[in-house]
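Peer 1: Structure provided below as structure tokens; questions to follow.
What follows draws every value from the coordinates through simple rules; no lab data is involved. The model shown is predicted, which means the values in this text are computed figures rather than measured ones. A quick note on method: Cβ atoms are made from the backbone with ideal geometry, for glycine too, and the neighbour counts reach across all protein chains shown.
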Amino acid sequence: MTKVEKAVSLHDKGYNCAQAVVCAFADDLGLDEQTAYKMSEAFGLGVGQMEICGAVSGACMLAGMKNSGGLDSIGKTKGETYKINRAIADEFKQMNESVICRELKGVETGTVLRSCTGCIEDAVKIVEKYIK
């Protein structure tokens, strides 16, 4: 099963968009799925407020997990992690016109730019590019 297939399968089981993306890569980054699920729960539905897409938030969480030096390097890796986050968000926006959940879902315009499944697929592909 590919990472895209795994993430979509998790979403189909009830994981939110952030959880689906983060949990698809949990093993690769040394996280148990329970912890990954819990830490990403509040980031679904655009942090519960239809702001930044949960799939993008999940991808950025993974960038931090992969890039951060942790407590041994406080402050030393965050600039590079932020750079990766910007690249992730920029690529996602190029693909979908927005990184804002309510815009992607067409809440105000009635025009859906991308389904949740599509957002998850795109975010996973971007994660594979920038983080793997």
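Peer 1: Condition test on residue 93, is it basic (Lys, Arg) and crowded, with 16+ Cβ neighbours inside 10 Å?
Peer 2: no
Peer 1: Quick one: which of 84, 52 is touching a Phe, Trp or Tyr at 6+ places or on another chain (Cβ under 6 Å), at negative phi and of a type in the set (Val, Ile, Thr)?
Peer 2: 84
Peer 1: What are the residue pairs meeting all of these: first residue in segment 82-106, first residue under 19 Å from residue 129 (Cβ atoms), second residue assigned to a loop (DSSP other than H, G, I, E, B) and among the hydroxyl-bearing types (Ser, Thr, Tyr), Cβ atoms under 9 Å, and 6 or more apart or on different chains?
Peer 2: Listed by first residue and then by second, the contacts come to 92/98.
Peer 1: Residue by residue through segment 70-108, note down the ones that are part of a loop (DSSP other than H, G, I, E, B) and more than 22 Å from residue 122 (Cα to Cα).
Peer 2: If the condition is that a residue be part of a loop (DSSP other than H, G, I, E, B) and more than 22 Å from residue 122 (Cα to Cα), then 74, 75, 76, 77, 108 are the ones that fit.
Peer 1: Is one or more of the residues making up segment 26-49 aromatic (Phe, Trp, Tyr), within 11 Å of the chain's Cα centre (by Cα) and part of a helix (DSSP H, G or I)?
Peer 2: Within segment 26-49 (the criterion being aromatic (Phe, Trp, Tyr), within 11 Å of the chain's Cα centre (by Cα) and part of a helix (DSSP H, G or I)), the answer is yes, since at least one residue qualifies.
Peer 1: Any idea which of 8, 56, 47 is surrounded by 14 or more Cβ atoms within 10 Å (Cβ to Cβ), of a type in the set (A, V, I, L, M, F, W, C), without any contact (Cβ under 8 Å) to a residue 24 or more places away in the chain and closer than 23 Å to residue 106 by Cα?
Peer 2: 47
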